[in-house]
Amino acid sequence: MNISELLRLLQTEHDETAARADNLREQIERLTTALAETEARLAELAATRKVIDGLTPPDHAAAPAETATATVYQRIVTTFNEHPGKVFRVRDLHEHLGLPTDEPSINVTRSRLGRLVRQGLLEQRTRPLPETDLTPSQKSKSM
C-alpha cells in the first residue's frame with residue numbers, strides 16, 4: 001500500500017466521521033429543543049396544579065369508595081337501632097333507606113347484612129322468611 005492510497009483512506013474515514021458528528025449534533029439540537037419544550041410544559045402543569053390546589057378547600061378531597069360503603073353500612077345499622085323491634089325484609093330496608101330496589105342492589109345488601117350478622121352487629125331470626133329477616137343485636141345498640 002502506498003502513501004497516496006493511505007491518505008485517501010484516511011480522508012474517507014475522516015469525511016465519514018465528520019458526517020456522523022454533524023448528524024449527532026443535529027440530534028442533540030433536536031433533543032435539546034424537545035427537552036426544553038417538555039420542561040416548560042411540566043412547569044405549566046405544576047403551576048396549574050398549584051392554582052387548583054389553592055382554589056379548592058383542603059377538605060374537598062374526593063371520598064373514596066370505602067367511605068361510601070362504610071356510610072351504607074352505618075345507615076343500615078342506624079336503621080335497625082332506630083327500629084329495635086321491627087323485622088326488616090331486605091327490599092323493605094332498601095325502600096326505607098331510599099336505595100335502588102333492583103335485584104343486583106338487593107343482593108349486595110344481602111351480602112352486607114350477612115357481614116353485619118357475622119360481626120355480631122345484627123342478629124338473624126332462627127327461621128328466616130323468604131327474604132332475609134334481621135333484627136338489631138344487643139351489640140349494635142351500644143354503638
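The values are calculated or read from the model by the stated rules, or taken from the named source; none is laboratory data. All figures in this text were calculated on a predicted structure; none of them were measured in a lab. Every residue, glycine as well, gets a Cβ built from its backbone with ideal geometry; the counts of neighbours run over all protein chains shown.
Look at (1) surrounded by 11 or more Cβ atoms within 10 Å (Cβ to Cβ); (2) of a type in the set (Val, Ile, Thr); (3) at pLDDT 90 or above and you find that Thr12 fails only one, number (1). Name the residues in region 111-123 that are within 15 Å of Val72 (Cβ to Cβ) and loosely packed, with under 14 Cβ neighbours inside 10 Å, would you? Selection gives Ser111, Arg115, Gln119.
Thr48 passes every criterion in (1) at pLDDT 80 or above; (2) over 30 Å from the mean Cα position of the chain (by Cα) apart from (2). Scoring Leu121 on the criteria (1) at pLDDT 85 or above; (2) among the hydrophobic types (A, V, I, L, M, F, W, C); (3) touching a Ser or Thr at 6+ places or on another chain (Cβ under 8 Å) leaves a single failure, condition (1). Pairs meeting the criteria (first residue in region 106-121 and in contact (Cβ under 8 Å) with a residue 40 or more places away in the chain, second residue aliphatic (A, V, I, L, M) and assigned to a helix (DSSP H, G or I), beta carbons under 8 Å, at least 6 apart or on different chains) are Arg112/Val72; Arg112/Ile76; Leu116/Ile76; Leu116/Val77; Leu121/Val77.
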